[in-house]
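Undergrad: Quick one: the structure is below, and I'll ask about it shortly.
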Amino acid sequence: MAKSEQVVAEAVEETVRSIAKAQADYEQLMDEIRDYCKRARDLREQAAELKRSGRTDSQVGTEMRQLLDQAEQFEILADQKDGHPRLEALRNIEDLQREASALRGTVQHNQAVLARQQQELEEAREEAAAMVQRADERVKETERILAYEMAKLAELEGNGVE
């Protein structure tokens, strides 16, 4: 039983480590998405500031288009990361959490089985001790009866009765 408990405990530890890593990977992915969104927002703000500056030369228009194009590229990157990779990371975390839950169930079951087996062992020990005590009492009773009969036989033999 100790070997299977160790195997389950190791599986639980490995699953916990996997969940922690999956959550860290997910957080890193979310940080990347937030970073892309922030960059896009900053670039759009820079473009808005250029527009508010009141400058009308062609370079302002070009700069604004470049800033807005870069912002759009960052939004595309954020959308790409926010789509399938994020959902896959969430599914991975959910799968690992289900596995951990199943392992917790196995651990609880094994603990219940162990407790029941320990109780059965204790009851068997008590029953065995009671059986030994009863056998000891029977042996003592038999010894007492034998001693009585031997004394009676000796008495009868002493009186010359055979």
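All of the numbers you see were taken from the coordinates with simple rules; none came from a lab. Just so it is clear, the structure is predicted and the values come from calculations on it, not from any experiment. Neighbour counts run over all protein chains shown; Cβ positions are idealised from the backbone, glycine included.
Undergrad: Relative to the longest principal axis of the C-alpha atoms of the chain, give the angle of the C-alpha long axis of helix 2-52, reported between 0 and 90° and rounded to the nearest 10°.
TA: 10
Undergrad: Quick check on packing: order 144-157, 39-52 by the mean number of other C-beta atoms within 10 Å, highest mean leading.
TA: 39-52, 144-157
Undergrad: Evaluate 2.2 N^0.38 Å with N set to the residue count of the chain, then give the Cα radius of gyration divided by it.
TA: Values: Rg = 42.1 Å, N = 162, 2.2 N^0.38 = 15.2 Å.
In units of the 2.2 N^0.38 Å rule of thumb, it is 2.77.
Undergrad: Calculate one ³J(HN,Hα) per residue across region 147-157 by plugging θ = phi - 60° into the Karplus curve 6.51 cos²θ - 1.76 cosθ + 1.60, and present them in order as whole Hz with x for glycine and proline.
TA: 5, 5, 5, 5, 5, 5, 4, 5, 5, 5, 5
Undergrad: I've got another one for you. Pairs of lysine in region 2-121 with Cα under 26 Å and at least 8 positions apart or on different chains: total?
TA: Lysine pairs, 8 or more places apart or on different chains, close enough: 4.
Undergrad: Hey, what number do you get for the chain at 222 nm if only DSSP H runs of n ≥ 4 count, each worth -39500 (n - 2.57), divided across all residues, to the nearest 500?
TA: Details: 3 runs with 151 residues, N = 162.
Computed mean residue ellipticity for the chain: -35000 deg cm²/dmol.
Undergrad: Let me ask something additional. If you plug each phi of region 84-97 into the Karplus form 6.51 cos²θ - 1.76 cosθ + 1.60 with θ = phi - 60°, what whole-Hz ³J(HN,Hα) values come out, in order, with x for Gly and Pro?
TA: Using θ = phi - 60°, the values come out as 4, x, 5, 5, 5, 5, 5, 4, 4, 4, 4, 4, 5, 5 Hz.
Undergrad: What is the local net charge at VAL132, summed over the other residues whose Cβ is closer than 14 Å to its Cβ (Lys, Arg +1; Asp, Glu -1)?
TA: 0
Undergrad: Shifting gears a bit: If you line up the long axis of helix 58-82 against the longest principal axis of the chain, both from Cα atoms, how many degrees apart are they, to the nearest 10?
TA: 20
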